[in-house]
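In what follows, a structure is listed as C-alpha coordinates, so that the remarks can point back to it.
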Amino acid sequence: MSQHKKHPLPVLLYDSECVLCNRFKQALEHVSGAEILTMVSIHEDEIYNEFPFLSKEECHENLHIIDENGNIHIAGDAITYLTHKFPVVKNFAWLAETGMGKRAVDFFYQMANKYRQYSSKECEGCKKSRLR
(Lines give C-alpha, C1' and ligand atoms only; values in the text may rest on other atoms or scores of the structure.)
Protein backbone atom coordinates (compact mmCIF):
# COMPACT_ATOMS: atom_id res chain seq x y z
CA MET A 1 0.00 0.00 0.00
CA SER A 2 1.44 3.33 -1.07
CA GLN A 3 1.84 6.01 1.60
CA HIS A 4 0.95 9.68 1.18
CA LYS A 5 1.61 12.57 3.52
CA LYS A 6 -1.55 12.13 5.56
CA HIS A 7 -3.88 9.77 3.73
CA PRO A 8 -2.61 6.26 2.97
CA LEU A 9 -4.02 4.61 -0.14
CA PRO A 10 -6.60 3.38 -0.93
CA VAL A 11 -8.72 6.46 -0.19
CA LEU A 12 -12.51 6.53 -0.34
CA LEU A 13 -13.97 10.03 -0.62
CA TYR A 14 -17.46 10.47 0.80
CA ASP A 15 -19.78 13.38 1.59
CA SER A 16 -19.76 13.62 5.39
CA GLU A 17 -22.74 16.00 5.26
CA CYS A 18 -24.95 13.54 3.35
CA VAL A 19 -27.03 11.06 5.36
CA LEU A 20 -26.91 8.41 2.62
CA CYS A 21 -23.12 8.76 2.23
CA ASN A 22 -22.59 8.51 5.98
CA ARG A 23 -24.67 5.33 6.13
CA PHE A 24 -22.65 3.87 3.26
CA LYS A 25 -19.42 4.72 5.12
CA GLN A 26 -20.75 3.27 8.38
CA ALA A 27 -21.82 0.07 6.61
CA LEU A 28 -18.36 -0.28 5.07
CA GLU A 29 -16.72 0.18 8.47
CA HIS A 30 -18.49 -2.99 9.64
CA VAL A 31 -17.26 -5.08 6.70
CA SER A 32 -14.26 -7.32 7.32
CA GLY A 33 -11.25 -5.79 5.56
CA ALA A 34 -12.50 -2.17 5.63
CA GLU A 35 -9.48 -1.16 7.65
CA ILE A 36 -7.52 -1.01 4.37
CA LEU A 37 -9.55 2.06 3.34
CA THR A 38 -8.79 5.60 4.38
CA MET A 39 -12.19 7.29 4.38
CA VAL A 40 -11.99 11.04 3.85
CA SER A 41 -14.74 13.63 3.67
CA ILE A 42 -14.97 15.58 0.41
CA HIS A 43 -15.27 18.66 2.64
CA GLU A 44 -11.69 18.21 3.90
CA ASP A 45 -9.93 20.74 1.67
CA GLU A 46 -6.45 19.38 2.30
CA ILE A 47 -7.34 16.20 0.35
CA TYR A 48 -7.39 18.31 -2.84
CA ASN A 49 -3.92 19.66 -2.05
CA GLU A 50 -2.59 16.18 -1.38
CA PHE A 51 -4.21 14.75 -4.51
CA PRO A 52 -4.30 17.72 -6.94
CA PHE A 53 -5.75 15.60 -9.73
CA LEU A 54 -9.05 15.43 -7.81
CA SER A 55 -11.82 17.84 -8.74
CA LYS A 56 -13.86 19.06 -5.78
CA GLU A 57 -16.90 19.50 -8.03
CA GLU A 58 -16.61 15.96 -9.42
CA CYS A 59 -16.16 14.52 -5.93
CA HIS A 60 -19.42 16.24 -4.93
CA GLU A 61 -21.16 14.54 -7.85
CA ASN A 62 -19.89 10.95 -7.59
CA LEU A 63 -18.20 8.48 -5.29
CA HIS A 64 -14.40 8.45 -5.82
CA ILE A 65 -11.80 5.93 -4.72
CA ILE A 66 -8.07 6.30 -5.23
CA ASP A 67 -6.67 2.78 -5.22
CA GLU A 68 -3.33 1.58 -3.86
CA ASN A 69 -1.71 2.29 -7.26
CA GLY A 70 -3.07 5.85 -7.48
CA ASN A 71 -5.78 4.99 -10.01
CA ILE A 72 -9.15 6.71 -9.63
CA HIS A 73 -12.37 4.69 -9.61
CA ILE A 74 -15.55 6.72 -9.99
CA ALA A 75 -19.26 5.92 -9.50
CA GLY A 76 -20.16 2.31 -10.43
CA ASP A 77 -16.49 1.54 -11.10
CA ALA A 78 -15.77 2.48 -7.47
CA ILE A 79 -18.43 0.03 -6.29
CA THR A 80 -16.94 -2.71 -8.49
CA TYR A 81 -13.49 -1.94 -7.02
CA LEU A 82 -14.91 -2.37 -3.50
CA THR A 83 -16.46 -5.75 -4.39
CA HIS A 84 -12.98 -7.01 -5.21
CA LYS A 85 -11.42 -5.71 -2.00
CA PHE A 86 -13.62 -7.24 0.65
CA PRO A 87 -13.53 -10.96 1.39
CA VAL A 88 -17.22 -10.98 2.33
CA VAL A 89 -18.28 -10.01 -1.22
CA LYS A 90 -15.27 -11.24 -3.17
CA ASN A 91 -16.99 -14.55 -3.96
CA PHE A 92 -19.71 -12.61 -5.78
CA ALA A 93 -17.43 -10.08 -7.52
CA TRP A 94 -17.51 -12.10 -10.74
CA LEU A 95 -21.18 -11.11 -11.09
CA ALA A 96 -20.19 -7.45 -11.42
CA GLU A 97 -17.66 -8.36 -14.11
CA THR A 98 -20.24 -9.66 -16.58
CA GLY A 99 -21.84 -7.21 -19.00
CA MET A 100 -25.19 -7.54 -17.27
CA GLY A 101 -23.57 -7.28 -13.84
CA LYS A 102 -21.76 -4.05 -14.77
CA ARG A 103 -25.01 -2.57 -16.06
CA ALA A 104 -26.77 -3.58 -12.84
CA VAL A 105 -24.05 -2.03 -10.65
CA ASP A 106 -24.13 1.17 -12.72
CA PHE A 107 -27.94 1.28 -12.58
CA PHE A 108 -28.09 0.84 -8.80
CA TYR A 109 -25.30 3.37 -8.31
CA GLN A 110 -27.08 5.90 -10.55
CA MET A 111 -30.35 5.44 -8.67
CA ALA A 112 -28.66 5.86 -5.29
CA ASN A 113 -26.78 8.92 -6.57
CA LYS A 114 -30.00 10.48 -7.93
CA TYR A 115 -31.60 9.93 -4.54
CA ARG A 116 -28.57 11.51 -2.85
CA GLN A 117 -28.70 14.54 -5.17
CA TYR A 118 -32.47 14.88 -4.69
CA SER A 119 -32.10 14.62 -0.92
CA SER A 120 -29.37 17.24 -0.87
CA LYS A 121 -31.67 19.67 -2.69
CA GLU A 122 -34.40 19.08 -0.13
CA CYS A 123 -32.15 19.08 2.95
CA GLU A 124 -31.24 22.52 4.31
CA GLY A 125 -27.95 21.24 5.76
CA CYS A 126 -26.96 19.70 2.41
CA LYS A 127 -27.84 22.91 0.56
CA LYS A 128 -25.52 24.85 2.85
CA SER A 129 -22.64 22.40 2.33
CA ARG A 130 -22.92 22.69 -1.47
CA LEU A 131 -22.77 26.48 -1.30
CA ARG A 132 -19.34 26.45 0.36
Specify the residue that is modelled with the lowest pLDDT; the eligible residues are those in the stretch 1-60 that are within 20 Å of Thr80 (Cβ to Cβ) and polar (S, T, N, Q). Ser32
Out of the residues in the stretch 16-32 meeting the condition of being free of Cβ contacts under 8 Å to residues at least 60 places away in the same chain and out of contact with any Phe, Trp or Tyr (no Cβ under 8 Å at 6 or more places or on another chain), tell me which one is surrounded by the fewest Cβ atoms within 10 Å (Cβ to Cβ). His30
Residue in the stretch 71-79 that is at pLDDT 75 or above, assigned to a helix (DSSP H, G or I) and not small (Gly, Ala, Ser) present: yes
Inter-residue pairs, beta-carbon under 6 Å, first on the phi < 0 side of the Ramachandran plot and surrounded by 15 or more Cβ atoms within 10 Å (Cβ to Cβ) and in the stretch 33-48, second part of a loop (DSSP other than H, G, I, E, B) and not hydrophobic (A, V, I, L, M, F, W, C), 6+ apart: Leu37/Pro10; Thr38/His7; Thr38/Pro8; Val40/His7; Ser41/Ser16; Ile42/Asp15; His43/Ser16
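The values are calculated or read from the model by the stated rules, or taken from the named source; none is laboratory data. Model, not experiment: these values are computed from the prediction. Note: ideal-geometry Cβ built from the backbone for every residue, glycine included; neighbour counts use all protein chains shown.
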